[in-house]
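Notes for the one structure printed next.
The values are calculated or read from the model by the stated rules, or taken from the named source; none is laboratory data. Please read all numbers here as calculations on a predicted model, not as lab measurements. Glycine gets a Cβ as well: all are built from the backbone with ideal geometry, and neighbour counts include every protein chain shown.
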Amino acid sequence: MTNNRRAAALLVLADGTSFEGEAAGWWDAGDPRPATGEVVFNTTLTGYQEVLTDPSYAGQIICFTYPHIGNYGVSAADNESARAFCRGVVVRDLSPRPSSWRSEMSIGEFLESQRLPAITGVDTRRLTRHIREAGSMPGAFGPVEGPAALSETDLKEAAAAEPGTLGVDLVSEVTTERPYPFGAGRLRVVAYDFGIKRAILRHLGTLATGEVVPASTPAAETLAKRPDGVFLSNGPGDPAAVGYAVEQIRELLGRVPVFGICLGHQLMATALGGRTYKMPFGHHGGNHPVRRLATGQVEITSQNHNYAVAEGSVEGAQVTHLNLNDGVIEGVSCPELRAFSVQYHPEAGPGPHDASYLFSEFERLMGA
Amino acid sequence: MPRRDDLHSILVIGSGPIVIGQAVEFDYSGTQACRVLRQEGYRVVLANSNPATIMTDPEFADRTYVEPLTPDVLEAIVERERPDAVLPTLGGQTALNLAMALHERGTFERFGVEMIGARPEAIATAEDRERFKKAMTEIGLAVPESGFAYELAEAMEVGERIGYPLIIRPSYILGGAGTGIAHDRDDLARIAAAGLAASPISEILIERSIAGWKEYELEVMRDRADNCVIVCSIENFDPMGVHTGDSITVAPAQTLSDEEYQRMRDSAFACIRRIGVETGGSNIQFAVDPATGDQVVIEMNPRVSRSSALASKATGFPIAKIAARLAVGYTLDEIRNDITGETPASFEPTIDYVVTKIPRWAFEKFPGIPDVLGTRMQSVGEAMAIGRTFPESLQKGLRSLERGRWGLNCDAGEALWDGWDDDELVRRAAIATPDRPFQLEAALRRGITVERLHEATGVDPWFLDQIQLVVDERRRLADLGGPGALGRADWKRAKRLGFSDAQLAWLWGVAEGEVRAARLQAGVRATMKTVDTCAAEFEARTPYHYSTYEDDDEVGSGSRPKVVILGSGPNRIGQGVEFDYCCVQASFALHDAGFETVMVNCNPETVSTDYDTSDRLYFEPVTWEDVQNVLDVESSAGEVRGVIVALGGQTPLKLASQLPPSLVLGTPPEAIDLAEDRERWNALCRRLGIPQPAGGTASGVDEAIAVAERVGYPVLVRPSYVLGGRAMEIVYGEEDLRRAMESLGAFGSLGREGGLSAERPVLVDRFLEDATEVDVDAVRDAEGEVLIGAVMEHVEEAGVHSGDSACVIPPPTLPAATVATIERHTRAIAEALGVVGPINVQYAVRDTTVYVIEANPRASRTVPFVSKATGVPLARVAARVMAGATLRGLREEGLLGDPVGGNHVSVKEAVLPFSRFPDADTLLGPEMRSTGEVMGIDATFGLAFAKSQAAAGDTLPEGGTVFFSLADRDKAAGVAVARRFVQLGFTVAATSGTAAYFEAQGVPVATVVAKVGEEEPGGGADAVSLIRDGKVNLVVNTPRGRGPRADGAYIRRAANQHRVACLTTVAAARAAAAGIADRAASPPRVRSLQEYHGAHQLPLPGAPPT
């Protein structure tokens, strides 16, 4: 624990709204540069580490709505990928020290190790309400005193210059460069890595032995591996910017069972003729109610997306799941093509396990 | 699935009197349930013996039975009302046990009543520890190693097999009664014996103690379609070993990783599904090994619980309301989330603040009972606080408790441990007591490490680290030296860690006002955030706020003039649900009259802190600083017409003089002071020609002795400005008086309630022995009309605190002329004080002289009882009058009608917590010790009294042996009572002196008993063994006025421990005899308040805010 005062910091949004705080995490004093990205808020109460290491947050600055972050530290087992892909972290309070038998390092050490800048002491509720009203938008933050100090003008300019995620291919930043194996299950699955989370691989790995392949892997190459099924992973940003993947998916559909999650869902829907759109501030949290239309049952889901499949746009598929808060399409299925996908995260990591049955459905589909 | 149309009429069972372990939270849940069911169009039949509750107001049900909650009575209600269903899951353990009793005796089957919410099978599986553990093991959930025992020898065997330390829990009990931790054979023998006695089925669970593990609770809801959600996770600050009701608890859970939390969530769902709670809420407790993360299930409540109330207030998710809807067939996704107005209730609330609940205890009321916390709950109330961080909410919570502390130390009280060295401090902190959080802060401030404290106490290092932040900040603030040295960032940091202005004022030795002024000057003021169930993801429609120190406010502006109602804070002995009742009634009445009502309170158990009771709710400590913050924000958002301070007991009344006088509605603060200021009050009584017992004031021992010598002993000694007779005592000589004054002096130095100081001197009055005590509740309007709510005659004579005494409407023994005098005096006093609003006046009547004891220009704890007895909504009338209405106007409006009466008698009886404190003396005295009350209502005094006793849990015997042991002065009066019992077919046992007196007067005494430790010629069993052997059915033991009371105390304690009704005054014995006689002549019948009041069905009050 340190009694050293942190440097005052400022977060400025692209619309000019600013928020006071203190600089935390990693800053390069030799090269003072603001942290920039699209600012989104996440409402989960637990699972900050999984969120920070989820590649789907590439290009984004994450604002945690829960004020205390870092309470139980960080452990390697909870990493969702090899490193943090997000651009920065906004919190109300960082725990001085972790307390958990599982913890291997503090949140502060983790941020340093990931070279991840953070701003703490922020009225994150005001920020959240602002984004709720004005939509998620680019922002920039950095210290305004001390060795790495930036001016408010620097931050404003940086926020204005930040492109956001619309039309930007963020998948190429996070996908694996070369294929790698996973799992020890009975079936064979090829998993397209658009930013795949380890929780997904843990689930798939119990039912399949497979390979994670780069996002741009051609369908023919995939089919040549004679998989029982193809999995389309989650990933960051705008599905419309990943047209190359849609092409391949179109070729895979009908030839092999397909299961998509999150970005994978959007890409599959696009391949089926659907259209995607950018939501005002997306869904980022662990408490979204989703109705499974087949049973009427409500499942509480983990979510992380800024884009969604437009209602009525996917003629080739039936809607299987709906978000009860705002009616967003949460799942589609195309039985004749043996393909289905969900917008949310049945693999949890973090979040509830209510929808883990979907992996069994994928298994059945592949077994059939 | 839509609402069930096959049900028309639903019986809701309330939880009865407020007792330790079962408090106001069930008024909150029951009120919500009744309201929802009526809104859904069901005919609601309510049974609850507690008149102080809001749910028993006649508007909340179609038929309200304020009757004893016993199986016989409930069966009579079922037979009379023929409900289609019974909802037993919202009235605590009492309702659950009663429903099970009626199920087992076949009543429900006979009358075709369906149990909704939880079926008997589910209740039995959850409540029976053996079945529960078996069920959990079946589904693969870990439970601590354990065994059951039904007798002592078996208990010893099981205990030895598992190994120490062991925890012993009796089955079917509430609030952990009879529970304990055994470290060796002797402990086990003692605790097991007590546990077997406490369990109604003589079953105890002996299990491996996991004291020191982390303790968690999850609040789960499930619907008919098997949708399950977690409403809230709660982490206990105190590790396993302290009852959760006695623990500081924090929401959400702080130190569980997502992996661990989701595992616990899965287990909770598996548990509720296996137990088979089909609809509604359940509370599931878990323990987690801090070293390995191993989780075990501890227990499950298949009903709405104290924690559900806390979870509802902590998240804004109204568990009871939704549980009621689920019970009648809705599914979660069909129910709208009130707060967002758009999203469904089938979600899991997420919050962006930290909630801390802190219990409040009353150990000072029970001398000789150690203030050590353990597995049986002992607290009498609680405060909850919301802050953006744990330190902020902890400090707010501690000042909400009103224990004279302004936060986590940094005030005069912190000096308590200065005399201990470090080792002693750590050793003390290792024992859980109410002082533990303060001791932890003090220890960290001395430089004792987090590691050492964690080792000693088991408190998670995360919490200790957070306290360390408070310690570090305090050091920085001390170094800064004074308010002038702080910049904006400094102020913000201090306030964000929860420091109150009062703490900073103490730290710097300046006035609180100076701190506030400097802070506001620096631009740092409280901002109001919203509790919205969703961490701001959706817009909140429900204005439920808390203060913190952030960038902006979220309070919307209103168009109607606002009235701020200050609530009564945490429940305590002397200030309970009655005052919440008054505040809630005020809110309903003023809302209906066109005002925007703003509630300020910090008690999570109450109806007042329900977000739809008032137009706006601030969940805030009721202190000057926090109230001022609310007033500042509200004033900037519209017109504040005024503040109501007279309905929430002493808590808000104490603030009256600090508020701008123009804002205090009703009786001016001036008049409140006049009634408390002894000299001016005496002068006023003299001027009005109203007799008072002779007396005077004293700020020291010598003055007190002088007064006592002038007026003559015995004298009644009491501090001013306190509730519940705190530290009040009757003393019979100088030696006693010196001791009493000394103990008051000790309070004073720590700023505790009832302390002695020059500003608040002690009152010393001649005590009128054998006088009849009378209470009057009245309301005076600004035009001078006085409404006498009721004149209540106490059953126990003056000297027993009015809160502990049974009282009766109408007065059973007072002559009409005396009642007229009392009414006349009351009018004169109200007039002379310039009261506008409620006033309570206490009198003592000896022969025909009416002495005034004291007057309080505020609502009293008898207001709800009066309303239920007479049908006059006294609290609503008082609130309206304070806001400017006249009684005439209210009559014209139809709010105020004539009182009903003439054909029924109402008796209010106090309920005392002695079963929780088996070693306490049950003798009643001037210090109030009851936690709750019940009401008996019937055609005669005797019947009503008998009902009140049954409702209080002391059913009067029909026959058998009455044991008398009377003080000399009571013997003459006692003879008549004993004779009456003999006429009723009882045999009499008595101690030697009493027996001799009775026999001389011709009353036959069958058994003469030696006093404990006395050799009685002629032998005879001693009193305690007679009681222990079950040979006594009723005990009448009056204490001698002075001198050693040892034998009496033994008798009363034995009666308490062996659950034999024990009356400590001749008056109560006389009333009991009347009750037994009347009951034998005509068995009591059940009747609803609506029938007594002759009223048509009233609409539900307080339409939810738009």
note = Apart from one, (1) aliphatic (A, V, I, L, M); (2) part of a loop (DSSP other than H, G, I, E, B); (3) more than 14 Å from chain A (Cβ to nearest Cβ) all hold for B:Leu196; the odd one out is (2)
remark   = Of those in the range B:423-456 that are within 14 Å of another protein chain (Cβ to nearest Cβ) and either in a helix (DSSP H, G or I) or touching a residue at least 12 places away in the same chain (Cβ under 8 Å) (or both), the residue surrounded by the fewest Cβ atoms within 10 Å (Cβ to Cβ) is B:Glu451
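So is A:Val212 in the same structural domain as A:Gly243 (by TED's automatic domain parsing) and farther than 19 Å from A:Thr53 by Cα or not? Give the steps one after another, and end with the answer.
Numbers: in the same structural domain as A:Gly243 (by TED's automatic domain parsing): yes; farther than 19 Å from A:Thr53 by Cα: no.
Considered against the rule, which asks whether it is in the same structural domain as A:Gly243 (by TED's automatic domain parsing) and farther than 19 Å from A:Thr53 by Cα, A:Val212 comes out as no.
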message = Name the single residue that is farthest from B:Trp506 (Cα to Cα) among those in the range B:473-490 being in contact with a Leu (Cβ under 9 Å, 6 or more places away or on another chain) and within 12 Å of chain A (Cβ to nearest Cβ).
response = B:Asp490
ask   = Which one is surrounded by the fewest Cβ atoms within 10 Å (Cβ to Cβ) among residues in the range B:536-550 that are within 9 Å of chain A (Cβ to nearest Cβ) and over 20 Å from B:Ser393 (Cβ atoms)?
value = B:Glu539
ask   = Quick one: is B:Trp491 of a type in the set (Phe, Trp, Tyr), buried (at least 20 other Cβ atoms within 10 Å of the Cβ), in a helix (DSSP H, G or I) and touching a Lys or Arg at 6+ places or on another chain (Cβ under 6 Å)?
value = yes
key: Condition check for A:Pro32: outside the structural domain of A:Pro236 (by TED's automatic domain parsing), at pLDDT below 95 and in contact with a strand residue (DSSP E or B) (Cβ under 9 Å, 6 or more places away or on another chain)   = yes
query = Which of the residues that make up the range B:358-375 are touching a Gly at 6+ places or on another chain (Cβ under 7 Å) and either buried (at least 24 other Cβ atoms within 10 Å of the Cβ) or within 30 Å of B:Asp532 (Cβ to Cβ) (or both)?
reply = B:Ile358, B:Pro359, B:Arg360
request  = Spot the failing condition for A:Glu112; the list is (1) among the acidic types (Asp, Glu); (2) facing another protein chain (nearest Cβ under 9 Å); (3) surrounded by fewer than 24 Cβ atoms within 10 Å (Cβ to Cβ), and only one is missed.
outcome  = (2)
Residues satisfying the stated conditions in the range B:899-922, i.e. touching a residue at least 12 places away in the same chain (Cβ under 8 Å) and more than 19 Å from B:Pro370 (Cα to Cα) = B:Pro899, B:Val900, B:Gly901, B:Asn903, B:His904, B:Val905, B:Ser906, B:Val907, B:Lys908, B:Glu909, B:Ala910, B:Val911
inquiry  = Any residue at all in the range B:506-525 that's within 14 Å of B:Asn409 (Cα to Cα), without any contact (Cβ under 8 Å) to a residue 40 or more places away in the chain and not aromatic (Phe, Trp, Tyr)?
reply    = no
request  = Identify the single condition in (1) touching a helix residue (DSSP H, G or I) at 6+ places or on another chain (Cβ under 6 Å); (2) surrounded by fewer than 19 Cβ atoms within 10 Å (Cβ to Cβ) that B:Arg475 does not satisfy, given that it satisfies every other one.
outcome  = (1)
key: Number of the exception - B:Thr340 against (1) more than 14 Å from every other protein chain (Cβ to nearest Cβ); (2) surrounded by fewer than 22 Cβ atoms within 10 Å (Cβ to Cβ)   = (1)
Every residue from the range B:494-523 that is surrounded by 15 or more Cβ atoms within 10 Å (Cβ to Cβ), of a type outside the set (Phe, Trp, Tyr) and part of a loop (DSSP other than H, G, I, E, B) = B:Leu497, B:Gly498, B:Ser500, B:Val510, B:Ala522
message = Can you pull out every residue in the range B:169-202 that is surrounded by fewer than 20 Cβ atoms within 10 Å (Cβ to Cβ) and among the charged types (D, E, K, R)?
response = B:Asp184, B:Arg185, B:Asp186, B:Asp187, B:Arg190
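Rundown of residues vs (1) farther than 30 Å from B:Leu37 by Cβ; (2) in contact (Cβ under 8 Å) with a residue 24 or more places away in the chain; (3) not aliphatic (A, V, I, L, M), yes/no style:
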| site | (1), (2), (3) |
| --- | --- |
| B:Ile234 | no, yes, no |
| B:Phe237 | yes, yes, yes |
| B:Glu260 | yes, yes, yes |
| B:Lys313 | no, yes, yes |
| B:Pro318 | no, yes, yes |
note = the range A:146-208: helices (runs of 4 or more DSSP H) wholly inside it with 2 or more residues that are in contact with a strand residue (DSSP E or B) (Cβ under 7 Å, 6 or more places away or on another chain), of a type in the set (Gly, Ala, Ser) and buried (at least 18 other Cβ atoms within 10 Å of the Cβ) are A:152-161
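Output the strands (runs of 3 or more DSSP E) that fall wholly within the range B:1-92 and possess 2 or more residues being aliphatic (A, V, I, L, M) and over 20 Å from the mean Cα position of the chain (by Cα), or say none. Spell out how you get there, then give the answer.
Working: elements: B:9-13, B:43-47, B:63-65, B:85-87.
Of the strands (runs of 3 or more DSSP E) lying wholly inside the range B:1-92, those with at least 2 residues that are aliphatic (A, V, I, L, M) and over 20 Å from the mean Cα position of the chain (by Cα) span B:9-13, B:43-47, B:85-87.
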query = Does the range A:25-50 hold any residues that are of a type in the set (A, V, I, L, M, F, W, C) and either facing another protein chain (nearest Cβ under 9 Å) or assigned to a loop (DSSP other than H, G, I, E, B) (or both), and which are they?
reply = A:Trp26, A:Trp27, A:Ala29, A:Phe41, A:Leu45
inquiry  = What pairs come out if I take residues in the range B:124-148 that are aromatic (Phe, Trp, Tyr) and pair them with residues that are in a loop (DSSP other than H, G, I, E, B) whose C-beta lies under 8 Å away, six or more apart or interchain?
reply    = B:Phe148/B:Glu203
query = Looking only at the range B:213-227, which residues are within 11 Å of chain A (Cβ to nearest Cβ) and either buried (at least 24 other Cβ atoms within 10 Å of the Cβ) or under 22 Å from B:Leu394 (Cβ atoms) (or both)?
reply = B:Lys214, B:Asp223
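Is it the case that the range A:327-348 has a residue that's more than 27 Å from A:Thr206 (Cβ to Cβ), within 14 Å of chain B (Cβ to nearest Cβ) and surrounded by fewer than 24 Cβ atoms within 10 Å (Cβ to Cβ)? It would help to see each step written out before you state the result.
We begin by selecting, within the range A:327-348, every residue more than 27 Å from A:Thr206 (Cβ to Cβ); these are A:327-329, A:336.
Keeping just the survivors that are within 14 Å of chain B (Cβ to nearest Cβ) gives A:327-328.
Then drop every residue that is not surrounded by fewer than 24 Cβ atoms within 10 Å (Cβ to Cβ), which leaves A:327-328.
Checked against the condition, which is being more than 27 Å from A:Thr206 (Cβ to Cβ), within 14 Å of chain B (Cβ to nearest Cβ) and surrounded by fewer than 24 Cβ atoms within 10 Å (Cβ to Cβ), the range A:327-348 yields at least one hit.
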task = Report the residue count in the range A:108-122 for those that are under 19 Å from B:Asp551 (Cα atoms) and assigned to a loop (DSSP other than H, G, I, E, B).
result = 2
request  = Determine which single condition A:Asn287 fails, assuming it passes every other condition in (1) within 12 Å of chain B (Cβ to nearest Cβ); (2) touching a Cys at 6+ places or on another chain (Cβ under 7 Å).
outcome  = (2)
ask   = Can you name the condition, by its number, that B:Ser802 falls short on among (1) surrounded by fewer than 24 Cβ atoms within 10 Å (Cβ to Cβ); (2) modelled with pLDDT under 95; (3) under 21 Å from B:Asn50 (Cα atoms)?
value = (1)
